[in-house]
1. Considering only region 345-453, give the strands (runs of 3 or more DSSP E) lying wholly within it that have at least 2 residues that are closer than 30 Å to P321 by Cβ.
2. Filter region 158-203 for residues that are farther than 23 Å from D102 by Cα, in a helix (DSSP H, G or I) and open to solvent by 20 Å² or more (accessible area, probe 1.4 Å) and give the result.
3. Within region 369-388, can you find the residues that are open to solvent by 70 Å² or more (accessible area, probe 1.4 Å) and under 17 Å from A406 (Cα atoms)?
4. When the residues of region 342-368 are filtered to those that are closer than 15 Å to V417 by Cβ and surrounded by fewer than 21 Cβ atoms within 10 Å (Cβ to Cβ), which remaining residue is farthest from the chain's Cα centre (by Cα)?
5. If a residue has to be surrounded by fewer than 15 Cβ atoms within 10 Å (Cβ to Cβ), modelled with pLDDT of 90 or more and part of a loop (DSSP other than H, G, I, E, B) to count, how many in region 314-335 make the cut?
6. Can you name every residue in region 204-237 that is basic (K, R) and not in a helix (DSSP H, G or I)?
7. So, in region 204-220, of the ones that are among the aliphatic types (A, V, I, L, M) and at pLDDT below 80, which residue ends up surrounded by the fewest Cβ atoms within 10 Å (Cβ to Cβ)?
8. Taking region 112-124 only, how many residues are in contact (Cβ under 8 Å) with a residue 60 or more places away in the chain and either surrounded by fewer than 15 Cβ atoms within 10 Å (Cβ to Cβ) or in contact with a Gly (Cβ under 8 Å, 6 or more places away or on another chain) (or both)?
Amino acid sequence: MRVATTCSVTVLAAAGIGHAVVSGLDTEINRIDLFKDMKNRPSAGHGMNVLLVGTDGRDKITPAERAKYRLGGAPCHCTDTIMIVHLSADQDRASIVSLPRDSYAEIPPHTDQTTGKQHQQHPVKLNAAYAEGGPHLTVRTVEHMTGVKIDHYLEVDFTSFMKTVDVLGGVDICTAKPLKDSYTGLDMAVGTHRLDGGQALQYVRARHTDGAGDLGRMQRQQRFLAALIAKTTSSGVLLNPVKFREVARTLLSSVRADKGFGTDQMVELARAMRGFSPSSSDFTTVPVGDVSFPVKGIGSTVKWDPVKSKKLFQTLRDDEPLAVHHPRKKETVVGVAPEQIHVQVENGTMSPGLGKTVDAQLRGTGFRTSGAPANAAQRTAQHTVVLYDPRWDRSAKALAAALPGARLQAVNGQGPVLKVLAGPDFKAVQAVRAEDAHQGEFGTVTGDQVVCG
């Protein structure tokens, strides 16, 4: 009874301290009364939906930081990042859906913030909603497009982002391929890196590291959020009132939020996150039907898949997870998804059935094998060998990672189909996965699948 009483008092004291810690911060938030007089809104679903918007505000960044992290130029006063963050009703899961900033959108009728001119409904890119009508029009546009009722609005700029990461002591990010972007200055070698605030900003802003453009950038933003959740929940920040206040004060010093996002909501969110782990979160980008949909007077836009996106947002309204959560397997991260690699297996030994075994195991970890393994012309192989065309060298390295001890042999003119010559040293296939491999019906990944492991 004494132990139980002590625990109860401790829990109540901690809860009280938590509320006292954030109550003083409530007055520091820049408030927006954006839901006032908002009409024709979607009906409420289950759980809580927060529209998280990242802007290019940089007023409090020093000239040295601007130069170091390539933040020159005037801000466009537009949204760089738009996400719907859904917290489940039982507070044990968060789903994050990225909305491409170049999404084709129909802006509802409104008054232009800058000119005062009345506008009828018209097509734009999604991030233009902020430029034309600020947070109020952004929320209205997102609700109009998704049918999801937004409960709260949180706007973060470059300054608060950088400082928050620094207060947390940096965030760990791992990459299976080099990332270099001359526009942001990002330069990361293969491996694990602890990024400070400025480096983290380079990482989430970069969109010239590969041909994926803004879609690739959103995947990196999702990976960063997963790493941020992992750092926040594992570092004791949420259990340390002093540290929590320091992090919260830093974050909230440069954010804007709706009037309803107050002390009670912050405490509720902090308590929910105490039980979070990376696997408690899932991430996806709204399903896209056309990545280059032309619109007269606007240019190329991103058109959503009408069927898949509708089902995705209905899943959010129903408070259902976007992905089935499985325990994370021990997998090697590779630079090319196994699903993109075509393989022909040949048995280079006199052991019957070896080719069939290798083919089945490779197919089980995702490689697109022929399903018809053959016997090699010369069945005297001493080692397992991956034969590949030099133009597909990254695919060859990914395949070799699944065959521990296998040797690589370049063959000019072989083409896109890689060949595995199974030798007597073959033991078993090592499971591999791509850094950006999508899982689930909506191309969803869970946080534990993308954080460093």
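1. Correct list: 432-434.
2. If the condition is that a residue be farther than 23 Å from D102 by Cα, in a helix (DSSP H, G or I) and open to solvent by 20 Å² or more (accessible area, probe 1.4 Å), then K163, D166, V167, Q199 are the ones that fit.
3. Matches in region 369-388: T380, Q382.
4. Here the residue is Q344.
5. Summing the residues that are surrounded by fewer than 15 Cβ atoms within 10 Å (Cβ to Cβ), modelled with pLDDT of 90 or more and part of a loop (DSSP other than H, G, I, E, B) in region 314-335 gives 2.
6. Start the filter on region 204-237 by keeping residues that are basic (K, R), which leaves 205, 207, 217, 220, 223, 231.
If the condition is that a residue be basic (K, R) and not in a helix (DSSP H, G or I), then R207 is the only one that fits.
7. A212
8. Qualifying residue count for the region: 1.
The values are calculated or read from the model by the stated rules, or taken from the named source; none is laboratory data. A quick note: this is a predicted structure, and the numbers were derived from the prediction, not measured. As a convention, Cβ positions derive from the backbone with ideal geometry for all residues, glycine included, and neighbour counts pool all protein chains shown. All accessible areas refer to the heavy atoms of the entire protein, side chains included, with ligands and DNA or RNA removed. Shrake-Rupley method; radii C 1.70, N 1.55, O 1.52, S 1.80 Å.
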